[in-house]
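> Sharing a structure below in structure tokens format, with a few things to ask.
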Amino acid sequence: MQDTRKKVAGYIFLLDKKIVSSKDRKTVISDDPVSYAGSISDNGADEIIVFDLSESGNDAAHEEALDVIKDICKEVDVPVTGAGNVKRMEDIKKLLYAGCKKAALNFTKPGNIEILKEVSEKFGKEKIVICYDDPKVIDNNKDIVDTFSSELILFKAQDGALLPAAENDEYFFYDGLDIIEKDVTDRSLESSFAWADLKKNSDGMVPVIVQDYRTDQVLMLAYMNEEAFNKTLETGKMTYFSRSRNELWIKGMTSSHFQYVKSLTADCDMDTILAKVKQIGAACHTGNYSCFFNDIAKKDYCEKNPQKVLDSVYEVIKDRKENPREGSYTNYLFDKGIDKILKKVGEEATEMVIAAKNPNDNEVIYEMSDFLYHMMVLMAVKNVSWEDITDELSRR
């Protein structure tokens, strides 16, 4: 019978800001949990579960673990579920605030059964995962489980540790090290079109425009033949045909600057492919991130891309923080400190509300812009980036 499990989940155990073995929970696998988690994400995991193994009751160690989990959530491109050291609503909140898509309640602890309804109503059932090792616990609490949780993960005891069981209906579970070293995951993509559906050029190939999936920056142009097309779908790594070398070319095979596929889209004529990728390192052989850096001609224009505008203004604000300029209003706010900045944010929020009550849209646009500027000053003080904000919004 064909296996219907689709999702691949990698699980890692976090202890004292290190990744430890799932077998004994003591042997250190990596001193760099953020890069380790990034490798799991790049190598094909659909989700990652992070277990906080810090000592129960050691608040300092738990807070350090949360900081690491926050950095992991920033680094990876897949949803993260936070687990371990959850005993009350506050623990769920901290995991979600750290950037986890979901937080897990361990039902081997009766206290977690008691708080399920409370945390689900507070944060939404889609945020709550239940981990269990005894199906009877689920059967005995079926009504509350069905109503207040979104996912069940069966665990098993192994060498004194509690690990995700292979019998789970929805997931293939792998130790993070398995994903990185053994390449056990299936990164293949299911295509809506066959190679035969695409129109080829005179060489029997299709041009591919490659973009950064986060920023939409154009990175490079390359070509695919049928073998490269099928290899890309099979591996999830961008593969091209090198016309100069007359051979198949897996991008990054020699440089390790791989391109992991996020999406492939054909244009209206079916003769060009647009690939959105996660770019590791630089796309260009010159060392530039993008191959497109030689300006030929350029006119002055007002940038209209919202993200680029917000990023640009924020970069100016951060520069004022690092390189003060005399007479700068931004530096005036930084010099006055956090209380002044918070006061201004509150004032601008009030002015925005008042403007919204008036019929003229121009006024509310002006006040919203003022509010956003002061909010960005606050962001700079708190070292919060727009990517932090957009990542959080995308998880909701």
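The values are calculated or read from the model by the stated rules, or taken from the named source; none is laboratory data. All values derive from a computational prediction rather than experimental measurement. Note: ideal-geometry Cβ built from the backbone for every residue, glycine included; neighbour counts use all protein chains shown. Quick note on the areas: whole protein, heavy atoms, side chains included, nothing else; ligands and nucleic acids left out. Shrake-Rupley method; radii C 1.70, N 1.55, O 1.52, S 1.80 Å.
> Quick check, is Phe172 open to solvent by less than 80 Å² (accessible area, probe 1.4 Å), part of a strand (DSSP E or B), within 28 Å of Lys278 (Cα to Cα) and touching a residue at least 12 places away in the same chain (Cβ under 8 Å)? Talk me through it step by step, then tell me what you get.
Details: open to solvent by less than 80 Å² (accessible area, probe 1.4 Å): yes; part of a strand (DSSP E or B): yes; within 28 Å of Lys278 (Cα to Cα): yes; touching a residue at least 12 places away in the same chain (Cβ under 8 Å): yes.
Considered against the rule, which asks whether it is open to solvent by less than 80 Å² (accessible area, probe 1.4 Å), part of a strand (DSSP E or B), within 28 Å of Lys278 (Cα to Cα) and touching a residue at least 12 places away in the same chain (Cβ under 8 Å), Phe172 comes out as yes.
> Could you please find all residues in the stretch 188-209 being of a type in the set (S, T, N, Q) and at pLDDT 85 or above? Give the derivation first.
Of the stretch 188-209, the ones of a type in the set (S, T, N, Q) are 188, 191-192, 201-202.
Once the filter is applied, which keeps residues that are of a type in the set (S, T, N, Q) and at pLDDT 85 or above, the stretch 188-209 yields Ser191, Ser192, Asn201, Ser202.
> Working only within the stretch 153-187, note down all residues that are modelled with pLDDT of 80 or more and among the hydroxyl-bearing types (Ser, Thr, Tyr).
Of everything in the stretch 153-187, those that are modelled with pLDDT of 80 or more and among the hydroxyl-bearing types (Ser, Thr, Tyr) turn out to be Tyr171, Tyr174.
> Any idea which of (1) open to solvent by less than 50 Å² (accessible area, probe 1.4 Å); (2) more than 22 Å from Leu152 (Cα to Cα) is the one Cys100 doesn't satisfy?
(2)
> Within the stretch 23-55, restricting attention to residues that are among the acidic types (Asp, Glu) and part of a loop (DSSP other than H, G, I, E, B), which residue is modelled with the lowest pLDDT? Walk me through how you get there before you give the answer.
The initial filter retains those residues of the stretch 23-55 that are among the acidic types (Asp, Glu), namely 24, 31-32, 42, 46-47, 52, 55.
After this cut, where a residue has to be part of a loop (DSSP other than H, G, I, E, B) as well, the list is 24, 31-32, 46, 55.
Values: Asp24: 83, Asp31: 95, Asp32: 96, Asp46: 88, Glu55: 86.
Looking at the filtered set, the residue picked out is Asp24.
> Looking at (1) closer than 23 Å to Glu55 by Cβ; (2) in a helix (DSSP H, G or I); (3) touching a Gly at 6+ places or on another chain (Cβ under 8 Å), which is the only condition Cys100 fails?
Condition not satisfied by Cys100: (2).
> Out of Lys231, Lys200, Lys237, I need the residue that is of a type in the set (Lys, Arg), within 26 Å of Val78 (Cβ to Cβ) and touching a residue at least 40 places away in the same chain (Cβ under 8 Å). Which one? Working first, answer last.
Numbers: Lys231 fails: touching a residue at least 40 places away in the same chain (Cβ under 8 Å); Lys200 fails: within 26 Å of Val78 (Cβ to Cβ).
One residue alone meets the criteria, Lys237.
> In the stretch 313-349, which residues are among the polar types (S, T, N, Q) and surrounded by 12 or more Cβ atoms within 10 Å (Cβ to Cβ)?
First, the residues of the stretch 313-349 that are among the polar types (S, T, N, Q): 323, 328, 330-331.
Matches in the stretch 313-349: Ser328, Thr330, Asn331.
> Is it true that some residue in the stretch 60-69 is of a type outside the set (Gly, Ala, Ser) and in a loop (DSSP other than H, G, I, E, B)?
Residues of the stretch 60-69 that are of a type outside the set (Gly, Ala, Ser), as a first pass: 62-64, 66-69.
When the remaining residues are screened for being in a loop (DSSP other than H, G, I, E, B), the result is none.
Checking the stretch 60-69: not a single residue is of a type outside the set (Gly, Ala, Ser) and in a loop (DSSP other than H, G, I, E, B).
> Still on this structure, please answer the following. Quick one: in the stretch 209-254, which of the residues that are small (Gly, Ala, Ser) and open to solvent by less than 60 Å² (accessible area, probe 1.4 Å) is nearest to Ala283 (Cα to Cα)?
Pass one, the stretch 209-254, residues small (Gly, Ala, Ser): 222, 228, 236, 242, 244, 252.
Okay, now just the ones that are also open to solvent by less than 60 Å² (accessible area, probe 1.4 Å), so 222, 228, 236, 242, 252.
Working: Ala222: 11, Ala228: 18, Gly236: 17, Ser242: 15, Gly252: 9 Å.
It comes out as Gly252.
> Taking Ser35, is it in contact (Cβ under 8 Å) with a residue 12 or more places away in the chain and more than 17 Å from Lys278 (Cα to Cα)?
Details: in contact (Cβ under 8 Å) with a residue 12 or more places away in the chain: yes; more than 17 Å from Lys278 (Cα to Cα): no.
The answer is no for Ser35.
> Okay, next question. Among residues belonging to the stretch 197-255 that are closer than 27 Å to Asn305 by Cβ and not in a strand (DSSP E or B), point out the one that is farthest from the chain's Cα centre (by Cα). Break it down stepwise before answering.
Step one: filter the stretch 197-255 for residues closer than 27 Å to Asn305 by Cβ, giving 207-222, 238, 251.
Applying the additional criterion that residues be not in a strand (DSSP E or B) yields 213-217, 238, 251.
Values: Tyr213: 12, Arg214: 10, Thr215: 14, Asp216: 16, Gln217: 18, Met238: 20, Lys251: 22 Å.
Once the filter is applied, the top-ranked residue is Lys251.
> Please state which one of Tyr373, Tyr366 is within 22 Å of Ile338 (Cβ to Cβ) and either touching a residue at least 24 places away in the same chain (Cβ under 8 Å) or not small (Gly, Ala, Ser) (or both). Spell out the reasoning first.
Details: Tyr366 fails: within 22 Å of Ile338 (Cβ to Cβ).
Answer to the selection: Tyr373.
> Let me confirm something: among Val86, Val34, Val76, which residue is crowded, with 18+ Cβ neighbours inside 10 Å and in contact with an Asp or Glu (Cβ under 6 Å, 6 or more places away or on another chain)?
Details: Val86 fails: in contact with an Asp or Glu (Cβ under 6 Å, 6 or more places away or on another chain); Val76 fails: in contact with an Asp or Glu (Cβ under 6 Å, 6 or more places away or on another chain).
Being crowded, with 18+ Cβ neighbours inside 10 Å and in contact with an Asp or Glu (Cβ under 6 Å, 6 or more places away or on another chain) holds for just one of Val86, Val34, Val76, which is Val34.
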